[in-house]
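As structure tokens, the structure follows; a few thoughts come after it.
The values are calculated or read from the model by the stated rules, or taken from the named source; none is laboratory data. Not measured: the values here are computed from a predicted model. Reconstructed Cβ throughout: ideal geometry from the backbone, glycine too, with neighbour counts over all protein chains shown. Ligands, DNA and RNA are excluded from the accessible area calculation, which covers all protein heavy atoms including side chains. Shrake-Rupley method; radii C 1.70, N 1.55, O 1.52, S 1.80 Å.
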Amino acid sequence: MTEDEAKTKWCPHVRVETGHIEGPAVNRSDSDWPMGRCIGSACMAWRWDAEKCRQGQINHGYCGLAGKP
């Protein structure tokens, strides 16, 4: 997927301090929290898709923690 597409996905490794009754930090909530989403290439786990890069689609990658697609 493109990095922009990845940035619309929820990241299970993100922890967000809420200050609410849910607890000091959560990784998801009933609300749509943009700060709980993938940060793409700014994440150490982000991997560029070498095959797509060779094909000229330089903005494609994936989460390395989820394994190669």
Exercise. By the scheme Lys and Arg +1, Asp and Glu -1, what is the net charge of all other residues having a beta-carbon under 13 Å from that of Lys52?
Worked result: -1
Problem set entry | Area accessible to solvent at Trp10, 1.4 Å probe radius, in Å² | 110
Exercise. Hey, rough spin-label estimate for Lys68 and Trp10, points 7 angstrom out along Cα→Cβ, what's it come to in nanometres?
Worked result: 2.9
Problem set entry | Label point distance in nm, Ile39-Arg54, each placed 7 Å from Cα along Cα→Cβ | 3.1
